[in-house]
1. Distance check, please: which entries in Lys255/Lys314; Lys366/Lys491; Lys13/Lys165; Lys269/Lys318; Lys366/Lys540; Lys180/Lys209 exceed 25 angstrom between their Cα atoms?
2. May I ask you to evaluate 6.51 cos²θ - 1.76 cosθ + 1.60, the Karplus curve with θ = phi - 60°, for each residue of the range 83-97 and list the ³J(HN,Hα) values in order in whole Hz, giving x for glycine and proline?
3. Roughly how tilted is helix 458-471, in degrees to the nearest 10 and between 0 and 90, from the longest Cα axis of the chain?
4. Could you give the angle, 0 to 90 degrees to the nearest 10, between helix 574-586's Cα long axis and the longest principal axis of the Cα atoms of the chain?
5. Could you compute the longest span of the chain free of trypsin sites (Lys or Arg not before Pro) located in DSSP loops and having at most 16 other Cβ atoms within 10 Å, not counting the site residues?
6. Let me understand the chain better: what is its radius of gyration from the alpha carbons, and its Dmax, in angstrom?
7. Give the angle, between 0 and 90 degrees and rounded to the nearest 10, that separates the Cα long axis of helix 27-39 from the longest principal axis of the Cα atoms of the chain.
8. Please give me, ordered by residue number, the chymotrypsin sites (Phe, Trp or Tyr not before Pro) of the range 412-519 that lie in loop per DSSP and have at most 14 other Cβ atoms within 10 Å.
Amino acid sequence: MRPLERWVEEQAKLTKPDRVYWCDGSEEEARRIIEIGIKEEKICGNPIFAPLNGMTFPNSFYHRSHPTDVARIEHLTYVCHTDKDTAGPNNNWMDPEEAKAKMTKLSDGCMKGRTMYVLPYMMGHPDSPYSKACVQLTDISYVAISMRIMTRMTKKVLDKIGNNKDFVRGLHSVGDFDPKKRFIMHFPNEHFVWSIGSGYGGNALLGKKCFSLRIASYLGQQEEWLAEHMVIVGAQDPSGDTTYIAAALPSACGKTNLAMMESVLPGYKIWTVGDDIAWMNVGPDGRLWAINPETGFFGVAPGTSMKTNPNMMKTLTKGTFYPTLFTNTALDTDKNEPWWEGSDGAIPKKLTDWQGNKWDPTKGTKAAHPNSRFTVSAYQCPTLSPLFENPKGVPISAILFGGKRMHLNPLIVEGTDWQNNVFLGARMGSETTAAASHKEGIVRRDPMAMLPFCGYNMADYFKHWLNMGKKLVYQPKVFSVNWFRINDKGKYLWPGFGQNARVLKWVIDRVHNRVPAQKTPIGLIPYIKDIDLKGLNIPKEDMEELFRIDHDGWLKEAGDIGDFFKGFGGRMPREMWDELNRMKAEL
Ligand code: GTP
Ligand code: SPV
Ligand code: MN
């Protein structure tokens, strides 16, 4: 028996499913699994999938999760290195042996009465030198179908793995959805993720955040590459040139929207390569090459409309042989269509909320869960980049680090050199969102949008970023961005969405040295006249406010950044302290 088969057999012995089913990723198989989700498997008595209106949302299915299972759960997510310091203060840590003993106990018989689906899949294009062959086990049709949308699931992966022991493994069970028995455990040295108790995206689709960020970031540190929480886009300008840009924004802070933005500037067009994860390697030419290891979008539904993100609406309603899933949105009961806050048009008369109750608009509750999501194939996206399948990926000329900050952070700031660029990422903070289960709207440090996803000590991660700069012959330019500033009446100062093209234009102009920038203590900022505001009615005071450097606010921010850095003790690279101290002195 080959190592893969032996491993599957051992897991089946522990979890005791009624059946073991090896998936081949075919269309016919997906139909069968969806049928099982409609007719057989249940969560709290509800079917896993309910077909939606096929005229308006072709091949689409509605899914209601267990009511406690609606987001990532950072406090139950562990990175199990043998040594606690390797995990760092940015991760929950458990000794690997202790973690396995705990998980073995919880997993004993957890698949009784259920089917174990064996999912062979690739992260990245099979011909890419940067892709990885993986196998996940799961006991729920929702995860099997989601993985088929989000990854390249095919039988050929089994041949690729062959006799190799070294494949990426994921063991997943929803257990009985008991939050007290819910854990997401990572074993980076064994390329192994073990997850129980949740069917939600980042907790259950183990190729996504668990492998492609937490474990891959650690592999990247050892093998000299980067696994990042970044969108990848090609920004085509009126000359026809395309500049490739990667952008890190924390969860629910605008990556998917940026990834398929409909530019308001004539002649500019955005091509989508990825909306959540970038694997970046130094190519033989000394440039930074990025691939998106995924093939689908697991996106935030609320706020998505023809006005904010028309290309996503087109993606969602295109209908191909890939199914589209809507999870925890509301339901327009008359039309049998998904609905969420921020949908186009009037609020439907009859809405069922995400928990299955008749929605009462007078009660002030949300009809869709704030973290309700869709799962949809990237191949349905009208702006999909012609280089989406390029095994080498795309060459990155600019990197943006963003956050959601109502105050303080300017619309855009550019770093001055590589050390300062790394600091620009390291100093980012952002308000917490509904993408994880915690209080929303609190500013926390979130370097490079990786706080919940860096699978090792973040001090070492900053060191790794510093080293990567030395390996690059052509370093991308690096910027920090913030679309979320508000005025004293609580209104957004910057219109965002397709209007962000105006900011990307400045990025492209800087990459090609077409415009100057002005130096400030926190980095380089634009001359406002160099931002194309044609056709946008934005008061001059608002533009000035968007670039005002609030010295007192930044000194306080510097204090917070310093407190965060202190948490890493002597492991924090001196270069980061130098940058912070220089910024403080200049302020
Ligand atoms: P994850 O999938 O959790 O990683 O999120 P994401 O970073 O892809 O975020 P997404 O693009 O789904 O946006 C999250 C929320 O931010 C949505 O409700 C959007 O409508 C809103 N949003 C996105 N871009 C902008 C913007 O430029 N301005 C404003 N005001 N809101 C935005
Ligand atoms: C995020 O939370 O950053 C997401 C959704 O992209 S999840 O897959 O759950 O991580
Ligand atoms: Mn994300």
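1. Pairs exceeding the cut-off: Lys366/Lys540.
2. 10, 4, 5, 5, 6, x, x, 7, 10, 6, 10, 9, 4, x, 5
3. 70
4. It works out to around 40 degrees.
5. Working: sites that count: Lys112, Lys155, Lys165, Lys307, Lys335, Lys349, Lys350, Lys366, Lys439, Lys489, Lys491, Arg514, Lys534, Arg548.
Answer - 166-306.
6. 23.2, 71
7. 70
8. On the way: sites: Trp418, Phe423, Phe453, Tyr456, Tyr461, Phe462, Trp465, Tyr474, Phe479, Trp483, Phe484, Tyr492, Phe497, Trp506; in loops: Phe453, Tyr456, Tyr474, Trp483, Phe484.
Of the chymotrypsin sites (Phe, Trp or Tyr not before Pro), the ones in loops of the range 412-519 whose Cβ has at most 14 other Cβ atoms within 10 Å are Tyr474.
Values in this text are rule-based calculations from the coordinates and carry no lab data. Predicted, not measured: the structure shown is a model, and the values here were computed from it. When we count neighbours, we look across all protein chains shown, and the Cβ atoms used for this are built from the backbone with ideal geometry, even at glycine.
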